[in-house]
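Asks: For reference, the structure I am asking about is given below.
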């Protein structure tokens, strides 16, 4: 199967996703939510929308033509995470478009959705059937892409370190505010913070704000996201962290559905957003450099040494916006 056929197959997959009937979507969402109570219909729809943005023939063609795709097919083992819906889809797509065979170990937290998209893909292009395999254990892989926590990364390195590999660990994201953001931009920041209940590596967990920043406008713009409070698991985390702060008399701000705590750290607990005041942008740049190995992306319009993602777009990476800034396709072309 040549590259043109592979691209067209994934483009048709994008059309199939876009054209799912309400009944088909409801059935798929219900199955996925039953398997992972952190998943919701809205979050699954957001994940599918993000994928649909790059399942376009021109987008895929322009992306792939920048690479010298390998002539020889290898077997690439994929260990997928399950923190948010379809977080491993890009890896699976990249392996297949590169002409390799994908041996996929799914997370128990996200086993329904990847299989559903794989079934649709095989309906569009049956030739992928011998190139896509879901397994309980990786065997005879020529290379591995594994995504997980900092703890699981040590396990991955132990067992897969002898193979060509990409091993991803915990990451999070930050936003830089100047105090001149519009209400729409602050509302977009709400999506960057609260989508997927903050469980994704592209979720903003830390804010850099100018000294004396007035949170009133931000909190007003975040009000539409108060519905996260209705999710039992999120609510439990909010209540737990609030109780800890109150018992310990830890200063914090409370929107009624999220807690904001001044902290120089980067990774905040669930339902908590850290913030840090700055005097000038050099201070922010230095902090971002310090945490570069833990940052997935930085949101805002300030001038820093890092590329900045517009407010509200953190959960919609482009097809070539690679996790951990490691070019997955370049890796797949070299194994």
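Asks: Tell me which helices (runs of 4 or more DSSP H) are completely within segment 46-152 and hold 2 or more residues being surrounded by 21 or more Cβ atoms within 10 Å (Cβ to Cβ), or say none if there are none.
Replies: 89-97, 112-124
Asks: When you look at residue 177, is it surrounded by fewer than 22 Cβ atoms within 10 Å (Cβ to Cβ) and either under 17 Å from residue 263 (Cα atoms) or modelled with pLDDT of 95 or more (or both), yes or no?
Replies: no
Asks: Which of the residues spanning segment 31-45 are over 15 Å from residue 200 (Cβ atoms) and loosely packed, with under 13 Cβ neighbours inside 10 Å?
Replies: 34, 37
Asks: List the strands (runs of 3 or more DSSP E) inside segment 195-309, counting only whole elements, that have at least 3 residues being without any contact (Cβ under 8 Å) to a residue 60 or more places away in the chain.
Replies: Result: 259-262.
Asks: I'd like to check something: does segment 210-225 contain any residue that is touching a helix residue (DSSP H, G or I) at 6+ places or on another chain (Cβ under 8 Å), within 27 Å of residue 48 (Cα to Cα) and loosely packed, with under 14 Cβ neighbours inside 10 Å?
Replies: yes
Residue-wise test of (1) in contact with a helix residue (DSSP H, G or I) (Cβ under 8 Å, 6 or more places away or on another chain); (2) under 21 Å from residue 47 (Cα atoms); (3) not assigned by TED's automatic domain parsing to the domain that holds residue 243.
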| site | (1), (2), (3) |
| --- | --- |
| 254 | yes, no, no |
| 265 | no, no, no |
| 277 | no, no, no |
| 295 | yes, yes, no |
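Asks: Residue under question is residue 136, and the condition is that it be under 13 Å from residue 78 (Cα atoms) and touching a strand residue (DSSP E or B) at 6+ places or on another chain (Cβ under 6 Å); does it hold?
Replies: The answer is no for residue 136.
Asks: Let me ask something else about it. Residue 244 passes all but one of (1) more than 17 Å from residue 189 (Cα to Cα); (2) in contact with a strand residue (DSSP E or B) (Cβ under 8 Å, 6 or more places away or on another chain); which number fails?
Replies: (2)
Asks: Also, quick follow-up: Name the pairs: first residue in segment 157-172 and farther than 17 Å from residue 105 by Cα and in the same structural domain as residue 291 (by TED's automatic domain parsing), second residue at pLDDT below 95 and crowded, with 20+ Cβ neighbours inside 10 Å, Cβ to Cβ under 6 Å, at least 6 apart or on different chains?
Replies: Between residues of segment 157-172 that are farther than 17 Å from residue 105 by Cα and in the same structural domain as residue 291 (by TED's automatic domain parsing) and residues that are at pLDDT below 95 and crowded, with 20+ Cβ neighbours inside 10 Å, there is no close pair.
The values are calculated or read from the model by the stated rules, or taken from the named source; none is laboratory data. Values in this document were obtained by computation on a predicted structure and should not be read as measured data. FYI the Cβ positions are ideal-geometry reconstructions off the backbone, even for glycines, and counts take in every protein chain you see.
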